[in-house]
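The values are calculated or read from the model by the stated rules, or taken from the named source; none is laboratory data. What you see is a predicted model; the values in this text were computed from it and never measured. Counting neighbours? That spans all protein chains shown, and the Cβs are built from the backbone with ideal geometry, glycine included. Just so you know, the surface numbers come from the protein's heavy atoms only, side chains and all, with ligands and any DNA or RNA stripped out. Shrake-Rupley method; radii C 1.70, N 1.55, O 1.52, S 1.80 Å.
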Amino acid sequence: MMDNRGPALQNRDMGADFLRKMAWLGSERTLGYLRIVALLNVAMLAVLAVTSRGGVDINGFLLGSDFISFWTAGHMLHAHADVYDSAAHIAAQREFFASSDGYTAFFYPPSFLPFCWPLGLLGYFPALILWLATTGALYAAAVRAWGRRAGIALPLWLLIAAFPPVAIVITHGQTSFLAAAFLGLGALMIAERPVMAGVLFGLATIKPQLGIVVPLVLLSSRQWKAFAAAALTVLLLAVVSTQAFGVEIWTNWLAASGQARGAMEAGAVPFGKMITTFAAARLLGLPMEAAYVLQWGSGLAVAGLLVHAAWNRGYSPRLGAAMLAGAPLATPFALDYDMVLLAVPLLWLAGEGLRSGFAPYEKLAIAIAFIVPVFARPVALSAGVPIAPPIMALLFAVVIRRVCTAPVHAA
């Protein structure tokens, strides 16, 4: 049929469809882009390692920067020292490496200490390699499981190597692989293995800020077995930690938690490195109270939509994908490396689009949520513009729309 509209209208519609439908981003072009990004990520990591001297990179940072906090905690546990004594932790850290830009604090809950204890048996670099290999393998298992569930035929190595937050986690030696693996595998296992899913959710409380919405979803979708298993796992971790390191470890942690909140509010971790609504508001110059109001609004909106979907439709992997897409929006404290968690909703949404067709703006949400970790920190730090929260909100919006419009019994 002939299009009788004028050139201006035709061009306007074509421009709108360029982002709304993104038909130009087909499978071959996507594969090419993934290969390019993977090559750049691997090259960046290789250059960083090759140009380092004595384990310190060309920017003066210790390889695996944040990992020194967990490794130091492991050594302090073997010495029966208080890991939550910031002065003692600083001194122990600086015996190995004195950073020119401060020190890496340790505010993790006592349930994380059993994971740190083995690190105290090894030197820094052997422990770092073992840590990244072990937690990375668990994360790869979660990505593989969700990729298969979504019907994504791409090689696992490409999915891992191309996803920008993976490189960020590696350079920081962070815990995000571990938390994302526990949450991702748990979200997928609920239907067939609810008890195992609950155990994994309980283990994920080593990084509790990423799992704020999990108990709400479990209760609203009436996943009693998973909820009970998660609660018992948390209790067991607490008992193990108390038996191993003493009951006073809890009062020490509670005192340190107050310091952690103060450090967050004061911007001790630069707001530009964070990806939350609270940090975005503070970066834009809003007062503390307004930042918390916006954060609470963001968290309540996410929680409300998830509870509504869970209550009316029950649990399904699609709800699990929405839960993990909303997780970074529900907490005031998360950094760019925590975006490895977004692999789950990205894989699920891509699989749904390939099976039934992409709804408007779904390809856009996938593309920009995939690549935003590359730019979020430098843009926020240099220009003062927080780009991560609105992009994650777009991703959550298109995922929860899929959940709420799917047939009730759809998986």
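Keeping all protein chains in place, calculate the accessible area per residue for the stretch 229-357 (probe 1.4 angstrom), answer in Å².
40 Å²
When you count, for each residue, the other Cβ atoms within 10 Å and take the mean per peptide, how do 145-153, 173-181, 22-30, 362-370 rank with the highest first?
173-181, 362-370, 145-153, 22-30
Can you give me the relative contact order of the chain as a percent, contacts being Cα pairs under 8 Å and 6 or more apart?
Result for the chain is 19 percent.
Could you name the lysines in cross-link range of K363, using Cα to Cα under 19 Å and dropping any fewer than eight places away on the same chain?
K21
Quote the Stokes-Einstein diffusion coefficient, in whole µm² s⁻¹, for the stretch 29-130, based on the Kirkwood radius over alpha carbon pairs, a temperature of 20 °C and a viscosity of 1.002 mPa s.
141 µm²/s
Round to the nearest 10 and give me the degree value, 0 to 90, for the angle of helix 317-330's Cα axis relative to the longest principal axis of the chain.
60 degrees
Compute the signed sum of charges (Lys and Arg +1, Asp and Glu -1) over the other residues within less than 15 Å, Cβ to Cβ, of E248.
Surrounding charge for E248 is -2.
With a 1.4 Å probe and every protein chain left in place, work out the accessible area per residue of the stretch 69-223 in Å², rounded to a whole number.
That works out to 38 Å² per residue.
Along the charge dipole of the chain, Cβ charges K/R +1 and D/E -1, which of I249, A230, G120 sits furthest on the positive end?
The residue sitting farthest along the positive end of the dipole is A230.
Return the lysines within reach of K207: Cα separation strictly under 19 angstrom, same-chain partners fewer than 8 residues apart disregarded; answer none if there are no such residues.
Leaving aside lysines fewer than 8 places away in the same chain, those within reach of K207 are K273.
When the accessible area of the chain is computed with all protein chains present and a 1.4 Å probe, what percentage of it is carbon and sulfur?
C and S fraction of accessible area: 69 percent.
Once you compute Rg and the Kirkwood Rh from C-alpha atoms, what is the Rg to Rh ratio for the stretch 290-411?
Looking at the stretch 290-411, the ratio lands at 0.97.
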